[in-house]
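Below is one structure, written out as structure tokens; comments come after it.
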Amino acid sequence: MEIVPIPKRALDPATDRVRDYVSQAKAANTVRAYAADWRHFTAWCRARAYAWLPAGPATVSLYLAEFADSARVSTLTRRVSAISQAHQLAGFESPTGDPAVRTIMAGIRRGKGTAQRGKKPVLVDDLRRIVVALSDSIQGARDRALLLVGFAGAFRRSELVALDIADLEFG
């Protein structure tokens, strides 16, 4: 699956910026994984003479059921995302939003024991105890800063580690 290039018009200076933002919308590894997942899905459909674009919810459901025992839940979830993205980019409604497909994915998650369970949040009193227990070393200061910034910003781990010094504003 590739992002369709946006035609360049000499009179429109925003075209280059649009093209840049579109290319930055997904990480290169995500684009590669989605492309591989889309090839896997289309090959599966081709072998069974099923339509893949647009694919129906029944086709996607059969696809997921066939690979539920051999693929990890995370792989199937990524494949569902790739199928959805391909449909959206082609201007079709995604079959992955259908209740049947969602129910099958929920059943696969539950069957494999990977259904997400909520975790208790770190509360302010917990955070205070953690921060006080950290050493006065440079590593302790770094860890303290990461914990406090992460807590104050309600960042996920991925968002926290993606922060750059340029993202911060001191006041």
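The values are calculated or read from the model by the stated rules, or taken from the named source; none is laboratory data. None of the values given here were measured: they were computed from a predicted structure. Positions of Cβ are backbone-derived with ideal geometry, glycine not excepted, and every protein chain shown enters the neighbour counts. These area figures cover heavy atoms from the full protein model, side chains too; ligands, DNA and RNA do not enter into them. Shrake-Rupley method; radii C 1.70, N 1.55, O 1.52, S 1.80 Å.
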Fill in: Alpha-carbon centroids, the stretch 135-162 and the stretch 60-132: separation in whole Å
28
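Any number yet on Rg/Rh for the stretch 97-159, C-alpha, Kirkwood? Numbers along the way, then the final one.
On the way: Rg = 18.4 Å, Rh = 14.8 Å.
Here the Rg-to-Rh quotient is 1.24.
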Practice prompt. Let me know the charge dipole size of the chain about its Cα centre in debye, to the nearest 20, where only the beta-carbon of Lys, Arg (+1) and Asp, Glu (-1) is charged.
Written response: 600
Item to complete: Would you mind telling me the share, in percent, of accessible area of the stretch 17-141 contributed by carbon and sulfur at probe 1.4 angstrom?
Response: 55
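Could you work out the mean projected area of the convex hull around the alpha carbons of the stretch 44-102, in square nanometres to one decimal? All intermediate terms of the calculation are to be shown ahead of the outcome.
Values: hull surface 15.0 nm².
Averaged projected hull area, Cα only: 3.7 nm².
Based on the mean of other Cβ atoms within 10 Å per residue, sort peptides 33-43, 138-148, 48-58, 78-88 so the most packed one is first. Write down the numbers at each step before the final one.
Working: 33-43: 17.1, 138-148: 12.9, 48-58: 14.5, 78-88: 20.3.
Most protected by this proxy first, the peptides run 78-88, 33-43, 48-58, 138-148.
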Response to the item:
Scoring the chain by relative contact order with C-alpha pairs under 8 Å, at least six apart, yields a percentage of 16
Discussion item. Report, to one decimal in Å, the Kirkwood hydrodynamic radius for the chain based on all distinct Cα pairs.
Written reply: 20.0
Item to complete: Can you check what the net charge comes to around Leu146, using other residues whose Cβ is under 14 Å from the Cβ of Leu146 (Lys, Arg +1; Asp, Glu -1)?
Response: 0
Worksheet item: Considering the dipole of the chain built from charges on the beta carbon (Lys and Arg +1, Asp and Glu -1) around the Cα centre, which of Phe151, Pro54, Val22 is farthest to its positive end?
Response: Pro54
